[in-house]
Protein chains: 2
Amino acid sequence: MLRGDITVAIRNAVMKELAEVGYGRLSIEAVARRAGVGKTAIYRRWSNKLEMVMEIISDVAERKVPLPDTGSFSGDLSLLLMIVSTALQHRVASQIIPDLMAEAARNPQIAETLQRALRTHQQAVGEKLIGQAVARGELPAGTDPEVAVDLILGPLYWRLAVARQPIEEDYLEKFTVAVTAALRATG
Amino acid sequence: MLRGDITVAIRNAVMKELAEVGYGRLSIEAVARRAGVGKTAIYRRWSNKLEMVMEIISDVAERKVPLPDTGSFSGDLSLLLMIVSTALQHRVASQIIPDLMAEAARNPQIAETLQRALRTHQQAVGEKLIGQAVARGELPAGTDPEVAVDLILGPLYWRLAVARQPIEEDYLEKFTVAVTAALRATG
DNA sequence: AAACGGCGGAACGCAACCGTTACGTCGTAG
DNA sequence: CTACGACGTAACGGTTGCGTTCCGCCGTTT
């Protein structure tokens, strides 16, 4: 019964508004204005700002990234780094993600949603990546996927989403070498 | 002329309020309420929410961390990791920093203040840490301090401030080994 | 003793947004 | 052709916060 095009307009407006003003300052009225839609259309779909944002965000976040399997660990790793760094360089993502992460620190419901949406999926990627490498004999058997994920995503996230420094040409390459060495050392 | 104890009360209130509701939702009136102070006392000191927060934050952020020099790279590194992880585990810091980082993505003035307060200082620590290690022959001469800082702070920040996972007993130890190996490999 | 000035408190007009309601329009299903 | 229901618009009363102003209190300076 609810018109699909209106829903889409609202979803887009929420994403843009989130990127521009953040969750804390996001208002239903601004979303409605931006979407060219009445407030009623929004309240007909969700009862809350929180509920609305959570539904929209988890929808977006659950679009799964294909797990790489290029045949070698360094290949898998560079591909993963490329995918993640590209994603983190998109303006909307790099604004929304840190904002919601910060918000999650004070709102348990947001925290839970993000954990489910990101952590679970990310964990799967890490386990597959490391598992493949261990199976191929490229990493020692005791390699901890959790540590690995920290070592891989941490610096990228730090550089792109926090420090907001550009990634230079050979950075990912250097980084791949460094991470590989690091993981071999922890086994 | 301005009473010092009042100023202190306001500063504390701002920090607590920042941690609880974030910059976006921070209001002068709430700060005044929390500090047990009239709004006039605040406006007598700063003219804006932005100006107020920036002054208070950069004041706090500029308290310099002593640069470690334990005699060996792994010693320096574990000490640094300990200091940073302890800092990031404080409730107020782990709430305020990601929040302001996210805010910085949309407010150039906040971005500039944070860059000056954090990046500059952090860069100095990185350069000293790596410089010492290179001088001692523990790391290859070409080691890039910028990459090193990413490799060291990134995973810690990710784990503590973003993913909000606890640090287990031997994590920092493992991590020290991993980072050392990584940095040797990039030279 | 008197003047000064920072203080808290209270109120100002203004703006934004909340969540809800009433109304009139319009496309579609029956 | 009619009835339904989602739509936009507009308004509601209530809340919150802005930045400013005026007041009376009180400690310090002179």
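Every number here is computed from the coordinates shown, using simple stated rules; none is lab data. Remember, it's a predicted structure, so these values are computed and weren't measured experimentally. Neighbour counts run over all protein chains shown; Cβ positions are idealised from the backbone, glycine included.
What the table shows:
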{"read-out": "Positive-end residue of B:M101, B:S78, B:L139, charge dipole of segment B:74-187 with Cβ unit charges", "value": "B:M101"}
{"read-out": "Test item: A:92-104 mean partner chain Cβ contacts at 10 Å", "value": "5"}
{"read-out": "Net +/- balance of residues flanking B:R159 in space, Cβ distance below 13 Å, scoring K and R +1, D and E -1", "value": "-1"}
{"read-out": "Rg(Cα) / (2.2 N^0.38 Å) computed for segment A:4-50, rounded to two decimals", "value": "1.00"}
{"read-out": "For residues of A:172-181, the mean tally of beta carbons on other chains within 10 Å", "value": "5"}
{"read-out": "Ordering of B:129-135, A:180-186, B:34-40 by burial proxy (mean other Cβ atoms within 10 Å per residue, highest first)", "value": "A:180-186, B:129-135, B:34-40"}
{"read-out": "Span-like helix ranges in chain A, DSSP H, alpha carbon extent 15 angstrom or more, Kyte mean at least -1.0", "value": "A:4-25, A:49-61, A:73-89, A:91-104, A:120-135, A:145-157, A:171-186"}
{"read-out": "For B:S58, label point 7 Å along C-beta direction: distances to other copies, nm", "value": "4.2"}
{"read-out": "Quarter of Cα convex hull surface for the protein assembly as shown, i.e. mean projection, nm²", "value": "21.3 nm²"}
{"read-out": "Surface/4 estimate of mean projected area, convex hull on alpha-carbon atoms of segment B:30-183, nm²", "value": "10.6 nm²"}
{"read-out": "Relative contact order %, chain B, counting alpha carbon pairs below 8 Å whose residues are six or more apart", "value": "22 percent"}
{"read-out": "Inter-chain Cβ neighbour average for residues A:14-25, partner chain, 10 Å", "value": "3"}
{"read-out": "Cα-Cα over 22 Å, subset of A:K64/B:K174; A:K174/B:K64; B:K64/B:K128; A:K64/A:K128; A:K16/B:K16", "value": "A:K64/B:K174; A:K174/B:K64; A:K16/B:K16"}
{"read-out": "Local net charge near A:E138, Cβ-Cβ under 10 Å (Lys/Arg +1, Asp/Glu -1)", "value": "+1"}
